[in-house]
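The values are calculated or read from the model by the stated rules, or taken from the named source; none is laboratory data. Note that the structure is a prediction, hence the values are computed from the model and not measured. In this analysis, Cβ positions are derived from the backbone assuming ideal geometry, glycine residues included, and neighbour counts consider all displayed protein chains.
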Amino acid sequence: MKHLKFFNENKQLADKLYFKPEKLSNVDRRFIYGITRGDNTTKLISDIYFAYKDGWNFNTVKKNLPDIHKQLLNYNSNVFPIKDFDLLNLSKDQYIYDTLLNRQKLIDFLKNLPSQAIRNLKDEIRIPRNDSEMRRYSEDFSYFMAQISMLSNRNDETRKKIYNKIFKSGATLKNLLQFTDEKENLLGGVEYTKQYVYDLVNDSEYDEDMSIIYDKNEIMVVKIESAEAIKKIGCNSLWCFTYGENNYYTWNNYSYNGVVYVIIDFKLSFDDPEFMHVLIKPLKTKKYYDNEKNEHEIPLFNMSNDNWYNPYPILTDLVGKTNIKKLFTFDYE
């Protein structure tokens, strides 16, 4: 009975405010009731209709009202809730039509994200927002969706790994935007060539921090000596010291004597995870890596940030057994 009373209140308010004073005509009334059937959204749909009736975009608003109505019927206060939202009593500063459009846009975005994104963004999704906050959030999310749309040209495995990096537990939209801005090249994939690396090394911004120490048979080894240099050459990778607010911290934490080595295999496609590896610490003996108790001493990572338990086989294949000790010195003191 309470539900029925709410319906009647909506109809009575709509009649009292718009139809009995003839602010809206019988034609308008039939159009509105044709959408709502007199349900509990009738007052709000009438509010929107009247607010835009004399506006330049009225035809667009009329066209969108059936979708607005569906959104109101399925309104979930745990999914992008509107701050202080009340079907019967809108505050004077609520631009509810635009707010509902932006909210629906955000809901549609969620449908195109992987399940872990929705799980890990749940705290942000549940924050109530007013009109201006919903608009800004929708604009930022739209920019983010445009950025990750560039992943469409990456294979499923690579795309999944990138999603796992982006959508971490407790993530915020600010975190997502920071990642996509810093790793824009990762999303689209820089088309690596030898000339691209030569140009990087010869760039005055990096010439002291980046040097080619091996270049033979389509294999290149580049010595990296700064956080900015690894960020630039590793733009297609998921290495932790190539992005994030703590780029310098992770660089200092994972490099050895401020040095890492990037090994590039130009025989492979630039978006193959094995196209590029990074060696972050001096190598132990092969016997050392065969011991299970040392399984966490991982010095070599591919572009997807997968590690090699024993790095010797891959390094031997890339640069040859005799070159391993000659190349990877890490500036021993």
Task: Residue tally, condition surrounded by fewer than 17 Cβ atoms within 10 Å (Cβ to Cβ), of a type in the set (Ser, Thr, Tyr) and more than 30 Å from residue 301 (Cβ to Cβ), over region 110-142 - done: 2
Open item on the list: Looking at region 269-280, can you tell me whether even one residue there is of a type outside the set (D, E, K, R) and touching a Pro at 6+ places or on another chain (Cβ under 7 Å)?
Closed with: yes
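Look through 257, 236 and report the one residue that is in contact with a strand residue (DSSP E or B) (Cβ under 9 Å, 6 or more places away or on another chain) and polar (S, T, N, Q). Write out each step before concluding.
On the way: 257 fails: in contact with a strand residue (DSSP E or B) (Cβ under 9 Å, 6 or more places away or on another chain).
Testing whether each residue is in contact with a strand residue (DSSP E or B) (Cβ under 9 Å, 6 or more places away or on another chain) and polar (S, T, N, Q) leaves just 236.
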Task: Residue under evaluation residue 107, criteria (1) surrounded by 13 or more Cβ atoms within 10 Å (Cβ to Cβ); (2) assigned to a loop (DSSP other than H, G, I, E, B), criterion not met - done: (2)
Open item on the list: Conditions first: (1) of a type in the set (A, V, I, L, M, F, W, C); (2) within 24 Å of residue 165 (Cα to Cα); (3) modelled with pLDDT under 85. Residue 88 passes all but one, so which condition is the exception?
Closed with: (2)
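Every residue, every condition in (1) among the charged types (D, E, K, R); (2) more than 29 Å from residue 141 (Cβ to Cβ); (3) modelled with pLDDT of 90 or more, yes or no:
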residue	(1), (2), (3)
2	yes, yes, no
57	no, no, no
61	no, no, yes
70	yes, no, yes
76	no, no, yes
103	yes, no, yes
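Those residues that are modelled with pLDDT under 80 and either assigned to a helix (DSSP H, G or I) or among the hydroxyl-bearing types (Ser, Thr, Tyr) (or both), I need them from region 305-318; list them, please. Give the steps one after another, and end with the answer.
Keep residues of region 305-318 that are modelled with pLDDT under 80, which gives 308-309.
Within region 305-318, just 309 meets the criteria.
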Open item on the list: I'm told residue 33 meets every condition in (1) in a helix (DSSP H, G or I); (2) out of contact with any Ser or Thr (no Cβ under 8 Å at 6 or more places or on another chain) except one. Can you identify the failing condition by its number?
Closed with: (2)
Task: Single condition residue 230 does not satisfy, out of (1) part of a helix (DSSP H, G or I); (2) surrounded by fewer than 17 Cβ atoms within 10 Å (Cβ to Cβ) - done: (2)
- [ ] For residues that are at pLDDT below 90 and of a type in the set (Phe, Trp, Tyr), scanning just region 167-215, find the one that is surrounded by the most Cβ atoms within 10 Å (Cβ to Cβ).
- [x] 179
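Regarding residue 163, is this residue modelled with pLDDT under 85 and farther than 26 Å from residue 118 by Cα?
Working: modelled with pLDDT under 85: yes; farther than 26 Å from residue 118 by Cα: no.
Answer is no for this residue.
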